[in-house]
Amino acid sequence: MNKIFLVARREFLSRVQKKTFLLTTILLPLLIFVFYAMIIYFSVKTNDNLRIAVADEANILNGKINSKDDIAFEVVKNETVTSLNTALEQKKFDGYIYIPSTYNLMGKDSLQLKSNKAIGIITREKIQKSFDDVLEEKRLLSLNISKAQLDSVQHSNNRIKFATINGKSDDNTKAGISYIVGYISGFLIYIILFIYGTMVMRGVMEEKMNRIAEVIVSSVKPFQLMMGKITGIGAVGLIQFIIWIVIVFGLQLLLPLIFPDMLHQMQGQPIQPAGMQAMQAAQQMKANGGMNELMNSLHQINFTLIIGCFIFYFLGGYLLYSSLFAAVGSAVNEDPQDAQSLLLPITMPIIFAIVIMTKAVNEPNSGLAVFGSLFPLTSPIVMMARIAHGIPEGVTLWELLLSMGLLICGFLGTTWVAAKIYRTGILMYGKKITWKEMWKWAVRKS
Amino acid sequence: MNNILELQHLKKYYATQKAVDDISFNISKGSIFGLLGPNGAGKTTLLRMITGIFYPDSGEIILDGKKFDPINDIIKIGYMPEERGLYKKMKIGEQALYLAQLKGLSKKDALEKIKFWFKRLEMESWWNKKVEDLSKGMSQKLQFVTTVLHEPKLIILDEPFSGLDPVNANLIKDEIYGLAQRGSTVIFSTHRMEQVEEICDHIVLMNLGKKILDGTVTDVKQQFKENKFSIKLQQQPANKINESFELIDQKENAFTVKIKDGYRSNDVLQFFIQQNITVESFNEILPSLNDIFIQLVEGTKSVSRAFQQVSA
């Protein structure tokens, strides 16, 4: 035990004391944060200050359309397309919408906005919305429905509330949040497995190539050396993640200070980039009353459960895979490229798990998701997708416990097998080793 | 108990070969022991069993009078393997400390001993250097220090002088003598016969996993002597043919003769003295270990180190 600790301490300190560790640990989240901040900033902040001329030849608007934020509408009369084009060229305004006198409110004609420069996507949405609002009202009026009547129809409580048998409400917002949480945590585990798994593999390869392995195993059992390395690097990973989480949460608190009106704008605008379910969830929130709803949904998600499970599956998955990575590292000879082909059988189930995970976030109780969340090689990733939906909506308690039990058995199993490969491989020089040979070492009884 | 190490019928079979096939020998305390053999003879496997890296398939290892216990006896052994290296990025002082602690020394003891050895081998200024900044010879020196640092009773050195210049090789050689005088036993594995002849008291020669020779260097040489003598005479003898010997070589007045069975060296001397020729020198030519080695190993089909199926 003491020797495992000594090895682990060296592995930990030799990595943490490196300059690159500080650099990646602190700079990486900062970079990601700046990157996202820029994206949000540029997509929300529109500083176009457009002046749009509306040539309402059909006289639908009654000479009035509300300007919105930085878009100023200006109703003009008695203009032709030609004169409007000239005016556009002379930069009297930035664009125009020509409503021909033949325009049929109830018809399928579409309006066209001509401008002398490209218009940003958010601005387009704003213009669309302004026209939609105004035209919708006109259409209703032509059907003899007043705005007030429409409001009373729409505000009647006709939204279906989804709830599961245990009485907890399960509305779309929460489903959306669960989706995001499940996706992110599953993906994080995927990244962890790869980053720290390869770190273990490199460490083992380094020991073998520097020819230090035999020196060390003359004082330490190969198993102690392997476990020391795995725990040491695992501790590095844990520390790194804790620092990242602290930084990310810290920066998130700063975000509203940097962009004070961003949240307000996000609430005001229905942003709808195509296909993104996350954004649909955001839109749902808006429909249901904005940030309060979001906060409620966040409260409904059992974060203690998720974080607890995340740490369990992070450690379990890491222990399970890192010993396999160590086994591969021990089998690699001089040529690091050999590692590529040996790694394939290990990376396959991880990638397979990601595929199942993307399905499981949508359908946490499908057969594939249940299988994936129980099978130890895929469960660390897949279970995170199910657990985000909560107990028992996403996963039943006994399934969770079974999965945890299987994962523990799984990592005991892989560690046992890997240790046998490792202690043979680490002293083996000069021959390219295949999986077949590694398998022979693993099944042979000692 | 006068033996530090007793091996009794040690066996280790791999799937394709018998790496160590029923080997027994004893090593007495304080001696310098040479383990010889061609490549693939099973030396490294044998050493790995003695250091507890591999378990023997059968047989007993008795260390210092007790059955060898790999976990607790590690501190009694210092092993410098043939395939050796150090962490390149680690500082030398920390590296030595780490290896000493892995052996089971406390931090305080380890630091004390590192300082002693670094001072002794003039390495004090190296403490904060990294291994990658050292020359090969320097890192060999460091490797030696980390092997003997914890004052093991049994020191096992596999090809300890490879990569060392003559000055450093002599330095290490002196340290080996010193350690033996202070009561440590040194096992020395090499192909370099002239070093063995110079350093070792006792040798075992292995080939194809079997022990083929065991004894002190002097005994072995006696055992393999071919009754050759060199004679230097003051003048050319008139008659140089006699039934007691066979003339093998002649360079002016110096002869190499082989005494035939049933005759003694005195018969040769008598033959020349009777001719009234002054014998300036008369020496027995003992075979070098190198000759014995080649004689014993040549012809046997020694397997080059095949890929070893290992089960430790």
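When the Cα atoms of region A:1-159 are aligned to their principal axes, the ranges along those axes come out at 89, 50, 24 Å in descending order. Compared with its chain on its own, region A:193-233 contains the following residues whose accessible area drops by 40 Å² or more in the full protein assembly (probe 1.4 Å; ligands, DNA and RNA excluded): A:Asn210, A:Arg211, A:Ile212, A:Glu214, A:Val215, A:Ile216, A:Ser218, A:Ser219, A:Lys221. Computed 3J(HN,Hα) for region A:197-205, one whole-Hz value per residue from the Karplus formula 6.51 cos²θ - 1.76 cosθ + 1.60 where θ = phi - 60°, is x, 5, 4, 4, 4, 4, x, 5, 4, glycine and proline marked x. For region B:158-170, backbone phi angles converted through the Karplus equation (6.51, -1.76, 1.60; θ = phi - 60°) give residue-by-residue couplings of 9, 6, x, 9, 5, x, 9, 6, x, 5, 5, 4, 5 Hz, Gly and Pro being listed as x. If you bin all the Cα-Cα distances of region B:226-285 at 5 Å, starting from zero, the percentages per bin are 4, 20, 36, 30, 9, 1. With the convex hull drawn around the C-alpha atoms of chain B, the volume per residue stands at 173 Å³. Among the trypsin sites (Lys or Arg not before Pro) within region A:386-446, which fall in a DSSP loop and have no more than 11 other Cβ atoms within 10 Å of their own Cβ? When the trypsin sites (Lys or Arg not before Pro) of region A:386-446 are filtered for loop state and at most 11 Cβ neighbours within 10 Å, A:Lys445 remain.
Once B binds A, the 1.4 Å probe can no longer reach about 2900 Å² of accessible area, counting both sides. With the whole protein complex present, A:Thr434 retains an accessible surface near 70 Å², based on a 1.4 Å probe.
When the other protein chains are added to the chain by itself, burial of at least 40 square angstrom of heavy-atom accessible area (probe 1.4 Å, ligands and nucleic acids ignored) affects these residues of region A:1-26: A:Lys3, A:Leu6, A:Arg10. Look at the alpha carbon pairs under 8 Å that are at least 6 residues apart: their mean separation over the length of region A:16-114 gives a relative contact order of 27 percent. Measuring from a point 7 Å past the Cα of A:Asp335 along Cα-to-C-beta, which residues in region A:406-434 have an amide N at less than 14 Å? Under 14 Å, as judged by backbone N against the label point of A:Asp335, lie A:430-434 of region A:406-434. For region B:119-177, the set of GluC sites (Glu not before Pro) satisfying both a DSSP loop assignment and a count of at most 12 other C-beta atoms within 10 Å is given as B:Glu122. The relative contact order of region B:3-221, computed from alpha carbon pairs under 8 Å that lie at least 6 residues apart in sequence, is 31 percent. Computed with a 1.4 Å probe over protein heavy atoms only, the accessible area of A:Glu74 comes to about 90 Å².
Residues in the protein assembly as shown average 50 Å² of solvent-accessible surface per residue, probe 1.4 Å, ligands and nucleic acids excluded.
Here B:Leu269 and A:Lys432 are evaluated by their C-beta separation; at R0 = 51 Å the FRET efficiency comes out at 0.20. Computed about its Cα centre, the charge dipole of the protein assembly as shown is approximately 780 debye, with only Lys, Arg, Asp and Glu carrying charge at their Cβ. For the protein assembly as shown, the carbon plus sulfur part of the accessible surface works out to 58%, probe radius 1.4 Å. Across region A:177-193, computed HN-Hα scalar couplings (Karplus, 6.51 cos²θ - 1.76 cosθ + 1.60, θ = phi - 60°) run 4, 4, 4, 5, 4, x, 5, 5, 5, x, 5, 4, 5, 4, 5, 4, 4 Hz from first to last residue, x flagging Gly and Pro.
To the nearest whole number, what is the average tally of beta carbon atoms from other chains within 10 Å of the beta carbons of peptide B:89-101?
Working: counts 4, 4, 0, 0, 0, 3, 2, 0, 1, 7, 6, 1, 6.
Average per residue, whole number: 3.
Taking the DSSP beta bridges with both ends in the protein assembly as shown, the antiparallel portion is around 60 percent. Picking from B:Asp201, B:Asp291, B:Asp261, which is most flexible by a Gaussian network model of chain B using Cα springs under 10 Å? Residue with maximal mean-square fluctuation among B:Asp201, B:Asp291, B:Asp261: B:Asp261. The calculated Kirkwood hydrodynamic radius for the protein assembly as shown is 33.5 Å, given to one decimal from all distinct C-alpha pairs.
Among B:Lys66/B:Lys103; A:Lys420/B:Lys18; A:Lys208/A:Lys420; A:Lys431/B:Lys107; A:Lys436/B:Lys67, which pairs are too far apart, with a Cα-Cα distance over 27 Å? Don't jump to the answer; show the numbers that get you there.
On the way: B:Lys66/B:Lys103 20 Å; A:Lys420/B:Lys18 21 Å; A:Lys208/A:Lys420 16 Å; A:Lys431/B:Lys107 39 Å; A:Lys436/B:Lys67 37 Å.
Going by Cα-Cα distance, A:Lys431/B:Lys107; A:Lys436/B:Lys67 fall outside the 27 Å limit.
Partner aspartates and glutamates whose Cα lies under 15 Å from the Cα of B:Lys12, excluding those fewer than 8 positions away in the same chain, are identified as B:Asp21, B:Asp22, B:Asp57, B:Glu60.
Put a dot 7 Å past the Cα of B:Asn26, heading toward its Cβ, do the same for A:Ala235, and the two dots end up 4.7 nm apart. Among B:Ile23, B:Ile273, B:Ile212, the largest mean-square fluctuation in a Gaussian network model of chain B, built with springs joining Cα atoms closer than 10 Å, belongs to B:Ile273.
Assuming R0 = 22 Å, what is the FRET efficiency of B:Gln8 and A:Trp416, from their Cβ-Cβ distance, to the nearest 0.05? Numbers along the way, then the final one.
Details: r = 32 Å, r/R0 = 1.44.
Result of the calculation: an efficiency of 0.10.
Over 18 Å between C-alpha atoms is what I'm after, so list which of B:Lys76/B:Lys119; B:Lys29/B:Lys76; B:Lys29/B:Lys153; A:Lys92/A:Lys129 land there.
Values: B:Lys76/B:Lys119 23 Å; B:Lys29/B:Lys76 13 Å; B:Lys29/B:Lys153 9 Å; A:Lys92/A:Lys129 24 Å.
Flagged as over cut-off: B:Lys76/B:Lys119; A:Lys92/A:Lys129.
The values are calculated or read from the model by the stated rules, or taken from the named source; none is laboratory data. Nothing here was measured: the structure is a model prediction, and the numbers come from that model. With ideal geometry, Cβ positions are generated from the backbone for all residues, glycine too; neighbour counts draw on all protein chains shown. These accessible areas exclude ligands, DNA and RNA; they are computed on the full protein's heavy atoms, side chains included. Shrake-Rupley method; radii C 1.70, N 1.55, O 1.52, S 1.80 Å.
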